[in-house]
Amino acid sequence: MAGIARSLLPLSLSLWASVAVAGDAGRGRALLADRTKSLCVLCHMVPGAAAHLQGSLAPDLHGVGARYTEAELAAHITMPERFNPETIMPSYGRTDGLTNVGRAWLGKPVMAPGQIEDIVAYLLTLKDAP
Amino acid sequence: MIRLLLAALLFASPALAQRSGYDDASVQTRAMQDDDSANPGFLWVRHGEELWSQPTGTAGKSCANCHNAPDTLRNVAARYPAWDATLARPITLVQRINRCRESHQGTTALAPDNDIMLALSALVGLQSRGTKIVVANDGPLAPFLADGARLFRQRQGQLNLSCANCHDDRAGQRLGGSIIPEGHANGYPQYRLEWQGLGSFNRRLRSCLIGVRAEPYGPASAEAVAIELYLMQRAGGLTVETPSVRP
């Protein structure tokens, strides 16, 4: 897993470099907890969200900022399938290769690059383990 | 031979015993389903009983004129969707009721969530409550079942998830706080607390498809019928719970 991530790093770094401007951690915090915009809490446990409203389908995001670099976090969100081809995590930067996308969402990524930057900025502040 | 083996693998009931959504519901929700006087679905059943003997349409006939009492339709819902020889395709219970309305009563077909259809399908479904579901999986139904199974495993929508991702692989885990049930179609129409009303299987299907940001299948589409057929076959062994109550 770590090996795969490392071998993909150059790719994710270059992709990231093309969009990276400093995100806003405050906005990222709100987005992360938003069940309809970012959807992260549907699957993950995140700090500050009510326990009974969180998902158990994915790793706990407490401490994720200590485990990954900025580029790795961005890569996990924009192309999670590079880390696990069978992943159920949506590919937040992708609009192609999808089937029967609802008309309202057609051609649109789940989140805009700026929103992903905000989330990454916030995730980087999550240094403490659960 | 290989074909047969594949078919057996594809359609064999899951090795583990199925778990009804009832078993994942809270004590209070289960109590509501268990007590007919507390189960709001019975408001529709009672309406259905009134409609049962009301003549409608150009033929001026009621359901009772052809079927006598509702309990002559005992166990029928437990084997639907079923093959319709005239149409040469499977039809759902809602479509069967609509066929009666159109060809025997001379009136219009209704959408699954029309109040009259909910009332009639709840009444007919109730006649099979407690009956084990047995949907045929061979003969002419086989290709339609295969379609349903394929659609169930097809990733779709902006979120790129399949029904199987949640209901086969992650049942019992939590999606944003809700327990993911195995996704059986054994209690429709169903009273959902979230809806504050009775809803058809198609309404549930629509919710899950909209949830993954896919374009929902229309109730009469081949896709919706194939998925309902596959889900009822997959629920084989569970009993009909209509009108079920869920969160």
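Any idea how far the Cα center of the stretch A:69-92 sits from the one of the stretch B:24-77, in Å?
49 Å
Not counting ligands, DNA or RNA, and with a 1.4 Å probe, what is B:Thr86's accessible surface area in Å² rounded to the nearest 10?
120 Å²
Just from its helices, what would the mean residue ellipticity at 222 nm be for the protein assembly as shown, if runs of 4 or more DSSP H residues each count -39500 (n - 2.57) and the sum is divided by every residue, rounded to the nearest 500 deg cm²/dmol?
When only DSSP H runs of four or more count, the value is -11500 deg cm²/dmol.
Sort B:Trp52, B:Trp44 by accessible area with a 1.4 Å probe, largest first.
Result of the area sort, largest leading: B:Trp44, B:Trp52.
Ordering B:Cys208, B:Cys66, B:Cys100 from largest to smallest accessible area (1.4 angstrom probe), what's the sequence? It would help to have the intermediate numbers written out before the result.
Details: B:Cys208 55, B:Cys66 80, B:Cys100 35 Å².
So, going from the largest accessible area down, we get B:Cys66, B:Cys208, B:Cys100.
Rolling a 1.4 angstrom probe over the protein heavy atoms, how many square angstrom per residue are accessible across the stretch B:91-130? Please list the in-between numbers first.
Numbers: 1460 Å² over 40 residues.
Accessible area per residue: 36 Å².
For the stretch B:2-246, with only Lys/Arg (+1) and Asp/Glu (-1) charged at the beta-carbon, what is the dipole magnitude about the Cα centre, in debye rounded to 20?
Numbers: 25 positive and 22 negative charges, 93 e Å.
Dipole size: approximately 440 debye.
On average, how many beta carbons from a partner chain sit within 10 Å of the beta carbon of a residue in A:93-101?
Working: counts 0, 2, 1, 0, 2, 8, 8, 14, 9.
Mean partner shielding for this stretch: 5.
Could you calculate the contour length gain from B:Asp169 to B:Gln54, that is, 0.36 nm times the residue separation minus the distance between their Cα atoms, to one decimal place in nm?
Values: separation 115, 0.36 × 115 = 41.40 nm, distance 4.64 nm.
Extending this stretch completely gives an extra 36.8 nm.
Report the relative contact order of chain B, percent, no decimals, based on alpha-carbon pairs under 8 angstrom and at least 6 residues apart. Show your work: numbers first, answer last.
Details: 419 pairs, mean separation 71.6, N = 247.
Contact order relative to length: 29 percent.
Roughly how much accessible area, to the nearest 100 Å², goes out of reach of solvent when A and B pair up, both sides summed, probe 1.4 Å? Walk me through the intermediate numbers first.
On the way: alone 7790 and 12510 Å², together 18310 Å².
That pair hides around 2000 Å² of surface in total.
Given a 1.4 Å probe and every protein chain left where it sits, what share in percent of the accessible area of the protein assembly as shown is carbon and sulfur? Please report the intermediate quantities before stating the final value.
Working: 10530 of 18310 Å².
Carbon-and-sulfur percentage of accessible area, whole number: 57.
Please compute, for peptide A:37-44, the average count of beta-carbon atoms on other protein chains lying within 10 Å of each residue's beta-carbon. All intermediate terms of the calculation are to be shown ahead of the outcome.
Details: counts 0, 0, 5, 1, 3, 7, 5, 1.
The mean count of partner-chain Cβ atoms within 10 Å per residue comes to 3.
To the nearest 20 Debye, how big is the dipole of the protein assembly as shown about its Cα centre, given +1 on the beta carbon of each Lys and Arg and -1 on that of each Asp and Glu?
Numbers: 36 positive and 33 negative charges, 83 e Å.
Rounded to the nearest 20 debye, it is 400 debye.
Provide, as a two-decimal number, the C-alpha radius of gyration of chain B over 2.2 N^0.38 Å, N being how many residues it has. Provide the component values of the computation, followed by the final result.
Numbers: Rg = 17.8 Å, N = 247, 2.2 N^0.38 = 17.9 Å.
Its radius of gyration relative to the 2.2 N^0.38 Å reference: 1.00.
The values are calculated or read from the model by the stated rules, or taken from the named source; none is laboratory data. This is a predicted model, so every value here is computed, not measured. Note: ideal-geometry Cβ built from the backbone for every residue, glycine included; neighbour counts use all protein chains shown. Side chains are part of the model used for accessible areas, which takes the heavy atoms of the whole protein and leaves out ligands, DNA and RNA. Shrake-Rupley method; radii C 1.70, N 1.55, O 1.52, S 1.80 Å.
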